[in-house]
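Just below is one structure, and these are the notes that go with it.
The values are calculated or read from the model by the stated rules, or taken from the named source; none is laboratory data. All values derive from a computational prediction rather than experimental measurement. Positions of Cβ are backbone-derived with ideal geometry, glycine not excepted, and every protein chain shown enters the neighbour counts. Side chains included, ligands, DNA and RNA excluded: accessible areas come from the protein's heavy atoms. Shrake-Rupley method; radii C 1.70, N 1.55, O 1.52, S 1.80 Å.
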Amino acid sequence: MAEQHQAEARKTGPPPSGPVRGSAAVVSGKAGYSDVLGFYLKGLSVVLIFFAVIYLLMQDLKSSETQKIAHAFLQSAQENVRDLEVIGEHLNNYLIASGDTLDKKDTTFIWDMLDKGNLAQGLLWFSPYDGKWRQMDSFSRYNVREVFTEGNLSRFHKKLVEKAQLGQNRAVLDMDMLSPVLPSSNFKDPEQIKGLLPWLFAYEYKPGNYGFLILLPEISKLFALEQVENGVAPVSGLALFTPHSENEMFRHGGDNQGSGGLFKPMRLRQGIVMAGESWETEILAPPTTAYRVFTVLPWAGLVLGFLCIGAGGVLLHRGYLKERQLAHISEALSSKNTELLNRETERQKLITEFQKSEWEYRSIINAVSDVIFETDQTGKILFLNDKWRDIMQAEADYAINTNLFDYLHPSDLGRHKELFQGFTSGDRGSYRREARMKTESGDFRFVELGFSMIRMSESGSRVVGTITDIEQRKKAELAHDSAEKQYREMFENALNGIYQATPEGKFVSVNQAFADILGYADPEDLKEAITSIRDQIYVDPHERAVLELQVAQHGKVFGVEHEVYKKDGSTIWVLENLRAVYGSDDEVKHFEGNLWDVTSRRAADEALKSAKLEAELTSQARIEFMANMSHELRTPLNAVIGFSEIIRNEVMGPIGQDVYKEYAQDIHDSGKQLLNIINDILELSQIEIGDRELKEKSFPMARIIQSVLSLLDHKIKEGQLRVDTSIPEDLPNIFAEELAMKQVLMNVVSNCVKFTPPGGKIGITVSIDPEEHMMVEITDTGVGMTEEELAKAMQPFGQVETELDRDTSGTGLGLSIVQALVDLHRGRFMIASQKEKGTTVKMVFPKERVVPKPYEAPREEDETQTGDNRSAGLI
């Protein structure tokens, strides 16, 4: 049914939203007139806005045009001012040089200068030589004549002197100020005086005595007011204002020029520099063609806009009239179609509402997270929502008309069929049960199958139910059960004791190992017996309080050992770890701890400590005995050596028999050998008991090496050996005991000589490594040693016998003494050896013992000549 309605909707298209009244709407006359009026108002607004924009833009262009005219005019006037000042300076300098007399040549020069500039109509000058004023102007045909002054000349002269003293060597004067030296009677037309602009040039003839030159330029020529280009004057009016008071000093033309009509003169105030001061000018210029265009253009646009609006309004009104005629014609036709259209609209509205209801119903069904289905009484699927695809991995359309029970796992099929039959027959109500359903891929998925109601339809009764996907929940439950089982097994089978306890001191849970450690039969026995962990478990309850305090501060503690009670009252030592577990309120929820029985280990530790202490005491006693024994043996041994030497040398007289001398020699040699052994034993004993003190100083290592090689030179030659040394010339000194270093090197090198076959090689290298340590390396190509032999040689009294032994008098203490002396210097002693290849010995001394070599240090005598013979003892 729903599918048929959807097909009809697709064929007929979307329904109209309201009734249709015809192909053309009825337009009233009142609406038409209001639209025309609206068009006029909108058009008028647009035109006025356009006019305002154009008007403002044209005003800016007019201002720019005025600025351009004024700038050109004032630039020309400024050039004339500069030319006038140059002429004035030249004339001033010329008059200073001419003195108080002017001949015809001077007059001609002045005439040419004035005529050349064509700016000044004449000049006045005051000669400091004779104190007279003279005049030359175009009115007197440039004849020089003396001026007969009028008025108060001294006051005028005083004003000029004041200006010169103030540093105003150039100044523009008021024409009224010149009346004492330039009477109006000198001019044919008194109005000519108003057109002059007196220009003062002053010079100081000698201190306090000044000369003055006054040029009389015409303002009209200076500002080119009479110049005409293309029949038009550059300016129609000019006003000149004084620099400080801004009083009007000169005006040409007036404000009323060109004031009538649309095109008014261009007016602009701008500054010009004259005589070192800024003068204000007001310029009136006749409007240019561009200025007239800029003035007319906005108004022309306004008129054109009004014309366009009027024409548009007329056309719009005519269109509305024609539209009204067509509307009346179509109104008759539309009224006949209204009834049919209304019926079609109602039908489309019903279809739309039905489609909308069906769409909303399906959207709600598809939005739920479960599969919603309908079946008949046999289980045949009649309806499915879209969630079927998400769970079963197949489209819902393919499952329609299939049986729901065909998807169930065989082991679930019988039980669910029985429940379904009871539900359809009315013997039981709605239900939900877990099941496994086969998906499109063949896998079975856990779901929860539920039947909720039976509804009646035209085709019969329908069973409505839901299918809920519980696959992830089942996996989580199985994983949780597996993890819980695993951790439970770990908890119960752990070898160490594990427990949980409340902050009040009661056990929540314990494992079997924990019960075994404390001597209880099982965890339940322990939990029932212990009500206070602090008082019943810990021998010292204070230790438990301290432990919980540390956990509160740090969250956890590890490796704490203490004594606890067992069930039978005996005590054991345990090692405990403890941490706090907090709840959502940040309060301690419970404690979790681990426990190990360390009683046996502590007993073993105590036994080990006792054995170590006993061994140390025994070793100390042995070392002290050997040291004392060595001291006791040296006294009689020295007597034996001394008397054998007396007998050998026959100090008391001839012995008589040579064999007695040989016996005395053997006694002497054996005594010396025994004394060396005793000295070595005493040396090693002093180092081991810490009684050996170093007598340190700075010395070169090369000296010690050379001394040792000199002492062993006879044996080296006897063994046919070659010795190579590599010692840098700039090698630093070493800060150590020189006698000890000599003994170390003597023992090591003598071993190399002793165990290297004839033709072999011995190498001695001294260097400074990258860490600034001094390293002494001694190598040989001797018989070498195995690891067992090397370990034996490093033991006190340990000797390795070979067929190359040339001297069997060694004690086996040589390497032990070397190791002890190097350690005493905080160095490192290393030895490596390979059988039949040779041995390498390395001694590394820390950088604290490496000191700079002194500059030209005096060489000390070789201490081997006076040192103790025991330093050269052989191994």
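Near the amide H of V181, within less than 5 Å, lie the amide hydrogens of E150, all on another chain or at least 5 residues away, with H placed in the peptide plane. Sequence-distant contacts, meaning Cα pairs under 8 Å at least 6 residues apart, place the relative contact order of the stretch 482-593 at 22 percent. About its Cα centre, the stretch 365-477 has a charge dipole of approximately 340 debye under the convention of +1 per Lys or Arg Cβ and -1 per Asp or Glu Cβ, with nothing else charged. Separation of the stretch 72-109 and the stretch 273-308, taken as the distance between their Cα centroids, equals 39 angstrom.
Projected label points at R722 and A832, each 7 Å from Cα along the beta carbon direction, are separated by 2.4 nanometres.
Mean separation of Cα pairs under 8 Å and 6 or more residues apart, divided by the residue count, gives the stretch 365-477 a relative contact order of 26 percent.
Selection among T531, F591, I572 by position relative to the dipole of the stretch 482-593 gives F591 as farthest towards the positive end (Cβ unit charges, Cα centre). If R0 is taken as 60 Å, the Cβ-Cβ distance between R601 and H714 corresponds to a FRET efficiency of 0.50.
Using C-alpha pairs below 8 Å separated by at least 6 residues, the relative contact order for the stretch 694-851 is 25 percent. Sorted on the mean count of surrounding Cβ atoms within 10 Å across their residues, most packed first, peptides 378-385, 159-166, 607-614 read 378-385, 159-166, 607-614. In the context of the full set of protein chains, the stretch 482-593 has a per residue accessible area of 57 Å² (1.4 Å probe).
A simple packing score, the average count of other Cβ atoms within 10 Å per residue, orders the peptides 500-512, 334-346 as 500-512, 334-346, with the highest score first. Stretched out straight at 0.36 nm per residue, the stretch from V659 to S363 would grow longer than its current Cα-Cα span by 93.2 nm. Protection proxy ranking for 127-134, 742-749, using the average of other Cβ atoms within 10 Å per residue and placing the highest first: 742-749, 127-134.
Net charge dipole, the stretch 482-593: roughly 140 debye, given to the nearest 20, about the Cα centre with Cβ charges of +1 for Lys and Arg and -1 for Asp and Glu.
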